[in-house]
Amino acid sequence: MPSVYIKTYGCQMNERDSEAVAAQLVAKGYTLAASEHVADVVLLNTCSVRDNAEQTALNKMSSVIGLGRKERPGQIFGFMGCMAQSRGKELVDRLPDLDLVLGTQKFHRAAEYLDELLAGRRKHIVDTAAETGSEGTIREHLLNGSAKGKSVTAFVSIMQGCNQYCTFCIVPYTRGEERSRSIEDIVTECRKLVAQGVREITLLGQIVTSYGRRRPLTPFLSPSDGERVSKPGEGFVQNLVAPPLPSPFLPPRKEKEESPFVQLLEAVHAIDGLERIRFTSPHPKGYGDDLVEAYARLPKLVASAHLPVQSGSDRVLKLMHRGYTRARFLQIIHKLRAARPGMGITSDIVVGFPGETEADFEETLSLCREVEFDNAYLFKYSQRKDTPAAAMPDQIPEELIEGRHARLLETVNAIGKRKYDAFIGQLVRILVEGPSKKNSARFTGRTPCNKIVLFDGSERHRGQLLDVKITRTGSFTLYGDPAIVGL
Ligand code: SAH
Ligand code: F3S
């Protein structure tokens with residue numbers, strides 16, 4: 001059977017999509033190759049968020065094709081994911097040896113298309129069309145039998161797309177409209193994972209606070225097995241709670257409406273055997289009190305929040321079309337910390353948005369000092385085709401962006417170091433995930449507040465909740481001493 005090598009660029013959704021494609025191909029008999037040099041099929045799962053990410057994937061594909069054509073005639077090359085979606089056929093025009101361009105709503109067709117290409121029935125396949133129900137297709141997992149051993153943690157995709165249209169962001173165009181899976185589908189998938197040994201689940205979406213708020217679920221027939229995944233509206237959040245009957249005698253009951261996302265959290269929380277729940281990414285605009293309260297109420301929901309802020313300046317937030325103010329963001333952080341003391345909080349920030357003045361940037365610096373993020377991912381603004389921000393006046397010169405980025409990085413790192421150092425001497429409860437990727441002699445796990453802990457463990461620790469004493473810190477890493485690992 002053919003072998004496939006998949007390389008992933010970008011975010012956790014991309015990782016999840018790649019894993020689902022790999023699982024789909026393994027189920028059809030493919031093997032997973034260790035590198036592009038020994039694979040029959042090479043797939044690059046791409047990211048479009050910044051130009052840099054696109055260029056890296058384009059350069060990689062050119063070199064893979066160059067080598068493959070010399071050394072492995074018949075090797076198949078494909079792009080999938082966000083850049084495949086946004087550039088489509090243009091990619092084949094640019095790289096004529098490219099065989100496959102698979103858009104973000106077409107991952108489930110990978111096996112079918114590769115069959116055609118490997119059999120020589122077709123030369124180039126470009127499929128970037130929208131497909132109703134595609135949000136329900138990312139559900140296969142590769143948990144066991146891989147070199148990694150049994151997985152303790154898993155990602156579950158709960159929705160696709162984003163309707164927020166932040167003016168700098170290409171995601172609404174590459175991932176399409178918001179489409180949510182039903183609670184029932186998601187819980188079924190989570191239950192299966194837990195039955196296979198998974199103890200921590202991260203719920204994924206571009207904007208999970210909008211989960212279930214858009215169109216009702218569309219029927220979907222799985223192309224591979226014809227299995228009916230869900231009927232229209234079946235198990236969908238809005239239908240879970242029967243509307244209260246009007247009574248002539250009693251005043252109407254004032255029920256506190258919980259957002260569909262919190263209803264989903266509750267449903268996942270009820271799964272026996274599941275220890276920890278995480279999710280990414282929420283949006284401050286849809287961050288209701290019910291979600292804050294969920295942190296106080298649901299013990300499996302870990303004390304960690306990734307909440308992208310993007311800028312500390314109200315003027316810039318408005319230009320970005322973010323839909324909240326600095327004060328509102330700070331209020332959410334304050335409420336979260338009150339609900340769960342010791343909560344780990346991380347964020348995303350864009351540096352050098354068009355028109356960002358020194359004063360605006362100072363506001364971002366001061367917001368970081370005020371919030372004291374455990375870590376923040378800093379992105380140098382990158383002009384994306386057809387986004388409103390690309391046409392805005394006062395695009396910031398690269399050197400200025402570089403300078404601001406360096407200053408912000410220094411601030412964020414200094415705060416992060418202080419926060420990490422504060423763990424020295426503390427006992428933390430980690431969920432052990434397995435050997436560290438960088439050094440397999442070490443084992444790795446995470447604290448509830450999402451900090452990576454390395455310690456000298458062994459296979460018997462995998463999947464365990466362990467109390468570990470922190471002895472020292474590295475760059476955004478904690479080290480636990482094996483001598484004082486509690487059992
Ligand atoms: N809501 C999504 C965001 C996806 S993009 C999520 O976090 O799940 C991830 C991050 O990339 C954004 O939060 C933003 O900080 C950054 N980003 C998006 N578009 C960008 C651009 N044009 N230039 C620089 N950074 C960008
Ligand atoms: Fe992008 Fe804003 Fe959505 S950053 S993914 S458009 S919330």
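The values are calculated or read from the model by the stated rules, or taken from the named source; none is laboratory data. Computed from a predicted structure; not experimentally measured. Cβ sites come from the backbone with ideal geometry, for glycine too, and all protein chains shown count toward neighbours.
Restricting attention to the range 263-291, which residues are assigned to a helix (DSSP H, G or I) and either among the aromatic types (F, W, Y) or surrounded by fewer than 21 Cβ atoms within 10 Å (Cβ to Cβ) (or both)?
Correct list: Q263, E266, A267, H269, K285, G286, D289, D290.
Consider M320 against the criteria (1) within 16 Å of ligand 2 (Cβ to nearest atom); (2) at positive phi; (3) touching a Cys at 6+ places or on another chain (Cβ under 8 Å): it satisfies all of them except one. Which criterion is unmet?
The single condition M320 does not satisfy is (2).
Can you go through A111, A129 and tell me which one is in contact with a Ser or Thr (Cβ under 9 Å, 6 or more places away or on another chain) and at pLDDT 95 or above?
When all the criteria are applied, what remains is A111.
Just a yes or no: is a residue in the range 86-101 under 18 Å from the mean Cα position of the chain (by Cα), within 16 Å of ligand 1 (Cβ to nearest atom), surrounded by 15 or more Cβ atoms within 10 Å (Cβ to Cβ) and not in a strand (DSSP E or B)?
Within the range 86-101 (the criterion being under 18 Å from the mean Cα position of the chain (by Cα), within 16 Å of ligand 1 (Cβ to nearest atom), surrounded by 15 or more Cβ atoms within 10 Å (Cβ to Cβ) and not in a strand (DSSP E or B)), the answer is no, since none of the residues qualifies.
What tally of residues in the range 40-67 results from selecting those that are over 23 Å from Q310 (Cα atoms) and either among the hydrophobic types (A, V, I, L, M, F, W, C) or not in a strand (DSSP E or B) (or both)?
Selection size over the range 40-67: 18.
Among the numbered criteria (1) away from ligand 2 (no atom under 16 Å from the Cβ); (2) surrounded by fewer than 19 Cβ atoms within 10 Å (Cβ to Cβ); (3) under 26 Å from the mean Cα position of the chain (by Cα); (4) among the hydrophobic types (A, V, I, L, M, F, W, C), which single criterion is violated by L427?
Of the numbered conditions (1) away from ligand 2 (no atom under 16 Å from the Cβ); (2) surrounded by fewer than 19 Cβ atoms within 10 Å (Cβ to Cβ); (3) under 26 Å from the mean Cα position of the chain (by Cα); (4) among the hydrophobic types (A, V, I, L, M, F, W, C), the odd one out for L427 is (3).
Listed here are the residues, each with its yes/no results for (1) among the charged types (D, E, K, R); (2) part of a loop (DSSP other than H, G, I, E, B); (3) at pLDDT 95 or above; (4) within 15 Å of ligand 1 (Cβ to nearest atom).
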| site | (1), (2), (3), (4) |
| --- | --- |
| C162 | no, yes, yes, yes |
| F168 | no, yes, yes, yes |
| P172 | no, no, yes, yes |
| T209 | no, no, yes, yes |
| G212 | no, yes, yes, no |
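Conditions (1) within 16 Å of ligand 2 (Cβ to nearest atom); (2) closer than 27 Å to Q331 by Cβ; (3) modelled with pLDDT of 95 or more, marked per residue:
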residue: M343; (1), (2), (3): no, yes, yes
residue: I349; (1), (2), (3): yes, yes, yes
residue: G352; (1), (2), (3): yes, yes, yes
residue: F373; (1), (2), (3): no, yes, yes
residue: A376; (1), (2), (3): yes, yes, yes
residue: T387; (1), (2), (3): yes, no, yes
residue: A391; (1), (2), (3): no, no, yes
residue: P397; (1), (2), (3): no, no, yes
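Sort out which residues of the range 181-201 are outside any helix (DSSP H, G or I), on the phi < 0 side of the Ramachandran plot and surrounded by fewer than 19 Cβ atoms within 10 Å (Cβ to Cβ), and write them in order of number.
Matches in the range 181-201: Q196 only.
Name the one entry in A111, A130 that is assigned to a helix (DSSP H, G or I) and either farther than 20 Å from P2 by Cβ or more than 16 Å from ligand 1 (Cβ to nearest atom) (or both).
A111
Please pick out the residue among A294, A359 that is away from ligand 1 (no atom under 12 Å from the Cβ), free of Cβ contacts under 8 Å to residues at least 40 places away in the same chain and of a type in the set (G, A, S).
Exactly one of A294, A359 is away from ligand 1 (no atom under 12 Å from the Cβ), free of Cβ contacts under 8 Å to residues at least 40 places away in the same chain and of a type in the set (G, A, S), namely A294.
Considering only residues that are crowded, with 22+ Cβ neighbours inside 10 Å and out of contact with any helix residue (DSSP H, G or I) (no Cβ under 8 Å at 6 or more places or on another chain), which ones fall in the range 31-45?
Within the range 31-45, just A39 meets the criteria.
Do you know which residues across the range 230-289 are aliphatic (A, V, I, L, M) and modelled with pLDDT under 95?
Selection gives V237, L240, V241, A242, L245, L250.
Within the bounds of the range 376-393, is there any residue that is of a type in the set (D, E) and assigned to a helix (DSSP H, G or I)?
Within the range 376-393, none of the residues are of a type in the set (D, E) and assigned to a helix (DSSP H, G or I).
What's the number of the condition V350 fails, among (1) within 23 Å of C166 (Cβ to Cβ); (2) in contact with a strand residue (DSSP E or B) (Cβ under 9 Å, 6 or more places away or on another chain); (3) part of a helix (DSSP H, G or I)?
Unmet condition: (3).
Which of the residues that make up the range 116-175 are within 16 Å of ligand 2 (Cβ to nearest atom) and of a type in the set (S, T, Y)?
Answer for the range 116-175, where residues must be within 16 Å of ligand 2 (Cβ to nearest atom) and of a type in the set (S, T, Y): S157, Y165, T167, Y173, T174.
Given (1) part of a helix (DSSP H, G or I); (2) under 27 Å from P172 (Cα atoms); (3) among the acidic types (D, E), identify the lone condition not met by E116.
(2) is the only condition that E116 fails.
Which one is surrounded by the fewest Cβ atoms within 10 Å (Cβ to Cβ) among residues in the range 297-309 that are assigned to a strand (DSSP E or B) and within 13 Å of ligand 1 (Cβ to nearest atom)?
It comes out as H306.
Residues that are of a type in the set (A, V, I, L, M) and out of contact with any His (no Cβ under 6 Å at 6 or more places or on another chain): which strands (runs of 3 or more DSSP E) entirely in the range 409-487 hold 2 or more of them?
In the range 409-487, the matching strands (runs of 3 or more DSSP E) lie at 427-435, 452-455, 465-474.
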